[in-house]
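Read through the structure below, which is laid out as structure tokens, and then see the notes.
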Amino acid sequence: MLSYGFFPDWTWIVGAWIGATVGSFLNVVIYRLPRGLSIGQPKWSFCPKCEARLRLPDLIPLFSWLFLRGKCRHCAAPIGPRYFIVELITGSLFGMIWYQHFVVGGGSAAYETTMVVGYSLLAAALVAAIFTDLAHYIIPDQINAFMLATGIGMNIALLVMNHPAAMQWGMPSSIAGALVGIGVIWGIAFLGRLAFGKDAMGHGDIKMARGIGAVILPAAALMSFALAVIMGALMGVVIIIARRYASDEAEEVDEDAENIEEPETIGSLLKCGLGYVLCIDVIGLFVPKLYEAWFEENPYAVEEIEDDPEVSLSMIPFGPYLAAGALGAMLFNEPLQKLIDAYLNSVGPS
Ligand SMILES: [Zn+2]
């Protein structure tokens, strides 16, 4: 049993480089999944404009984009900064996770390895979710199912090593976390629908919260949802201030369009919530008939998506906040917990 980190400090760069490479793959996921394209076919990356196959020199994370100055080598079509940003963010996250568990660590090698692998997989899925949601208002079911599977995989590893974190509330802790995730975000959707007659949360948000809870477990999940709400509220203030300085005719048109949509029925919300608890959306990826029978929707149906949707500041969906909150709770769990404890101690004796 190692009591202190087992890799030297500088090795975080190895984690960061693995992350940047994973980020390069995430760009493929972010482009293809919402368009209903296969992740595995074709196996190579291609330019979305001229469809030329990209070769090794075009596929080096971070450097290729900088070296080509964000343009396709073949047709000179601009390649958005998103490609670079996704690689940079994923690299940074993997580097931080590596450092926290392999350099600072504290647990056994098996435990810290489980945390690095599981947290890195969740971080990758969250980055993909943030960017598909920002670009298309979609969090693909595959990404949410992947998060849930990651949590269950980590839980199995914790059970095998007999770690105290493996069980919570008399059940496997990943299931407890998943139920907390659905409970809170579905609960907000349900109360919002009852109180305001409006759709308060997207279904992708509910499914993502389930996956987040399964990996970071109930206490950190609650913290992550609080962070998401705080970030959303801060952004709301920024938007109100920004509007004072900008003409907002376009925004008003957006709002009118939004109001035309009928809110979801209470019955559908209840049925879908139960479906998420039973993971019918996950099983349904393999048994599309089951998915269609329960949700009255084909899991692989592709909605029309615009290639360059205009992301309006006031139309930012909740998914990216939820994902950012999860990243915050995952990376800063201990300092946040200390902050909360200090606050609770200061308000009164417990
Ligand atoms: Zn091209």
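Every read-out reported here was derived from the displayed coordinates using simple, explicitly stated rules and does not represent laboratory data. In this text the structure is predicted, and so the values were computed from the model without any measurement. Glycine gets a Cβ as well: all are built from the backbone with ideal geometry, and neighbour counts include every protein chain shown.
Legend: helices of the chain (whole DSSP H runs) are marked when their alpha-carbon atoms reach 24 angstrom or more along the helix axis and their mean Kyte-Doolittle hydropathy is at least 1.0; marked are 12-32, 81-98, 109-136, 141-160, 173-196, 203-245.
Per residue of the chain, what 222 nm ellipticity follows from adding -39500 (n - 2.57) for every DSSP H run with n ≥ 4, rounded to the nearest 500?
Dividing the helical sum by the residues of the chain leaves -21500 deg cm²/dmol.
Here the dipole of the chain is about 1380 debye; that uses its Cα centre as origin and unit charges on the Cβ of Lys and Arg (positive) and Asp and Glu (negative). Assuming charge only on the beta carbon of Lys and Arg (+1) and of Asp and Glu (-1), the dipole of the range 167-347 about its Cα centre is about 1400 debye to the nearest 20. For Phe286 and Val28 in the same chain, what is the full-extension length gain: residue separation times 0.36 nm, less their Cα-Cα distance, in nm? Difference between extended and current length: 90.7 nm. The ratio of the alpha-carbon radius of gyration of the chain to the globular-protein estimate 2.2 N^0.38 Å is 1.04.
Would you mind calculating the relative contact order of the chain from Cα pairs under 8 angstrom and at least 6 residues apart, reporting the percent as a whole number?
19
Length gained on full extension, Ser38 to Ala342, computed as 0.36 nm times the residue gap minus the Cα-Cα distance: 104.5 nm. Hydrodynamic estimate: the Kirkwood radius of the range 1-155 over Cα pairs, inserted into Stokes-Einstein at 10 °C and 1.306 mPa s, corresponds to D of 96 µm²/s. Remark: relative contact order (the range 167-347) = 28 percent; criterion is Cα-Cα distance under 8 angstrom and separation of 6 or more residues. If you plug the beta carbon distance of Arg73 and Glu303 into 1/(1 + (r/R0)^6) with R0 = 25 Å, you get a FRET efficiency near 0.20.
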